[in-house]
Every structure is written in C-alpha cells, then in structure tokens.
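The values are calculated or read from the model by the stated rules, or taken from the named source; none is laboratory data. Remember, predicted model here, so these are calculated numbers, not experimental data. Using ideal geometry, Cβ is built from the backbone for each residue, glycine included, and neighbour counts are taken over all protein chains shown.
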Amino acid sequence: MKPELNSPELARFWERLAGAPQRVLMLDYDGTLAPFRVERDHAFPYPGVREALDRILAGRTSRLVLVSGRWTKDLIPLLGLRELPEIWGCHGLERLFPDGRYEIAPMDERSVQALAEADHWAEAQGWGERCEAKPGSIALHWRGLAPAEQEALSRQFREAWAVRGPASGLELHDFDGGLELRAPGRNKGDAVETILAEAGPEAAAAYLGDDLTDEDAFGAIRGRGLSVLVREQWRETAAELWLRPPGELVEWLNQWARGCAGRV
Ligand SMILES: [Mg+2]
C-alpha cells in the first residue's frame, strides 16, 4: 500500500516535532537528496535541498545526520552546505562528527584481506573503472549502461561470486545501480539504532532514504520515528511515507525547518 503524503499520521508527526525536546533528522544522500549521475562526483543536491538543510542547521534545534553508503571524504565535496553536519559513511562503518572528530569501526583481518582480493579480482575482470573501493566494501556500478549490458554484468558478477564468495566471508548486497561486496558488521540500521539511543525516547526522529540499503534503517526506526521513502517510482518498502523528489522532498524539508521554529 502506498503511504499518503497528506496522511493524518504525518500531521500528528509535525505536531510532535514542534513540541519535542530533541529532534533528529537522518538522511541518505544519493537518490534521496541528490539525483543519480553516471559521474558520481557530480551528484550534487537537488535545487532547494542545500537551502533547506542550511536553514535546519542554522536553526540549531535539530541534529542533522547524513547516513550514506559513500565514503565520507567523497561525500563532503558534494554537499556544499554552510556548515558540516554529522556524517555516517560506508553504511555506518565511519562516523564524522560536526567538530571534526572521526571514528571508524575496526574490521577483522579476514575481511580486509578478502576485500583486497576482491578488488584485484574485479580489476582483472576489466571492471576497474566501474568499481568504487572504500572502507569495508567494494561497489560495482552499472548506471549508464544499457539494460542488457547491466543484466550481463550482473549475471557475470554473480556467477563468479557464487564460486569465490562463500569462502571470503563478504556479503553481496544489491543496490539501485549496482552490486556491493561488504564486510559483515555494520549497516545503516545499526547507525540509526546508535543515533536514536543517543537521542533518547522523547526525541522526534525521521529517516529519509531511497534504496534497498535504506530498508535496514526503515526497520530500525519503526515505532520510534517516521520512515520516508524518497523515490520517483514507488516500490515495496517498510517506509511509512513516500515523497517524490525534488518537489515533495524540498517541501517536506522546509516543513521540518518551519516545524522546528514552532511554525507548523
Ligand atoms: Mg541512496
């Protein structure tokens, strides 16, 4: 069932936001705040998103957190915000605080070795250009290829991985636009769990995301905050609300900013 934009639940959420002692807004980046681009280093936010996020940050009444599959160092140049929010990168493996403190979860030696081998293997298959290596994972991107080529690449990757994969200990995940090999451990749901635990039960919280990797986060926030699927096309999801970017998304972010200022 598609969740409604103007649902009574959303109206209740805005009321709760206005009166909450703490507010936490968690946002995925690619596909949520920014349109997909084949040149991944050109995936800048939709028009209006920066302005809305700058308002929320300047208001100082919300904790704004980006939760992305990207490496934080690759995400920061794209944001273009007046001040840096808290960022969890690499699906929650990394955490960069607004004051510059940086944490990265330790990885076991087996995963480090398996990722290095997978990187070499992908390179040998001729996929080097399409591979994004980052802490804890390697993503194979096929956005920009014709559907038949995507299909062939996916099949080739999966067949090869069926032989090599089980011994590596790495996990194979689908995402919108490719496949990812990931060291087991953290996912976006773990990041949301940590953030919500820090914020406490009285906080008004929301998580916005578009991809399959965001479903862990939607599950983690269930019953404790609002989960929002941001996507042009509807798909089955655990999220409670659906927004189409950029118009509905920007309006929703501006509503958050107004709500925090007591103007629901
Ligand atoms: Mg995304």
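Please work out which one of (1) in contact with a Lys or Arg (Cβ under 8 Å, 6 or more places away or on another chain); (2) surrounded by 15 or more Cβ atoms within 10 Å (Cβ to Cβ); (3) part of a helix (DSSP H, G or I) is the condition Arg55 fails and give its number.
Unmet for Arg55, out of (1) in contact with a Lys or Arg (Cβ under 8 Å, 6 or more places away or on another chain); (2) surrounded by 15 or more Cβ atoms within 10 Å (Cβ to Cβ); (3) part of a helix (DSSP H, G or I): (1).
From the set of residues in segment 211-221 that are within 14 Å of the ligand (Cβ to nearest atom) and without any contact (Cβ under 8 Å) to a residue 40 or more places away in the chain, which is surrounded by the fewest Cβ atoms within 10 Å (Cβ to Cβ)?
Within segment 211-221, the match that is surrounded by the fewest Cβ atoms within 10 Å (Cβ to Cβ) is Leu212.
Do the conditions hold for Thr61, that is, is it within 16 Å of the ligand (Cβ to nearest atom), in the same structural domain as Asp190 (by TED's automatic domain parsing) and polar (S, T, N, Q)?
Judged against the criteria, Thr61 is not a match.
Here are the criteria: (1) closer than 27 Å to Ala197 by Cβ; (2) surrounded by fewer than 14 Cβ atoms within 10 Å (Cβ to Cβ). Tell me which single one Pro47 does not satisfy.
The failed condition is (1).
Is it the case that segment 113-123 has a residue that's aromatic (Phe, Trp, Tyr) and either within 18 Å of Ser168 (Cα to Cα) or in contact (Cβ under 8 Å) with a residue 40 or more places away in the chain (or both)?
yes
Report the residue count in segment 197-210 for those that are touching a residue at least 12 places away in the same chain (Cβ under 8 Å) and more than 10 Å from the ligand (Cβ to nearest atom).
Total meeting the criteria: 9.
Any idea how many residues of segment 243-264 are under 15 Å from Arg231 (Cα atoms) and among the β-branched types (Val, Ile, Thr)?
Qualifying residue count for the region: 1.
Just the residues that are assigned to a loop (DSSP other than H, G, I, E, B) and within 16 Å of Arg224 (Cα to Cα), please, taken from segment 15-34.
Ala20, Pro21, Gln22 - these are the residues of segment 15-34 that are assigned to a loop (DSSP other than H, G, I, E, B) and within 16 Å of Arg224 (Cα to Cα).
Pick from segment 12-44 the residues that are away from the ligand (no atom under 15 Å from the Cβ) and of a type in the set (A, V, I, L, M, F, W, C): which of them is surrounded by the fewest Cβ atoms within 10 Å (Cβ to Cβ)?
If we take residues in segment 12-44 being away from the ligand (no atom under 15 Å from the Cβ) and of a type in the set (A, V, I, L, M, F, W, C), then Val38 is surrounded by the fewest Cβ atoms within 10 Å (Cβ to Cβ).
In the list Arg158, Arg186, Arg224, which residue meets the criterion of being more than 15 Å from the ligand (Cβ to nearest atom) and modelled with pLDDT of 95 or more?
Result: Arg224 is the single residue among Arg158, Arg186, Arg224 that is more than 15 Å from the ligand (Cβ to nearest atom) and modelled with pLDDT of 95 or more.
If you scan segment 136-150, which residues turn out to be in a loop (DSSP other than H, G, I, E, B) and loosely packed, with under 13 Cβ neighbours inside 10 Å?
Ala146
Condition first: at pLDDT 95 or above and crowded, with 18+ Cβ neighbours inside 10 Å. Can you find one or more residues in segment 96-109 that meet it?
Yes, some residue in segment 96-109 is at pLDDT 95 or above and crowded, with 18+ Cβ neighbours inside 10 Å.
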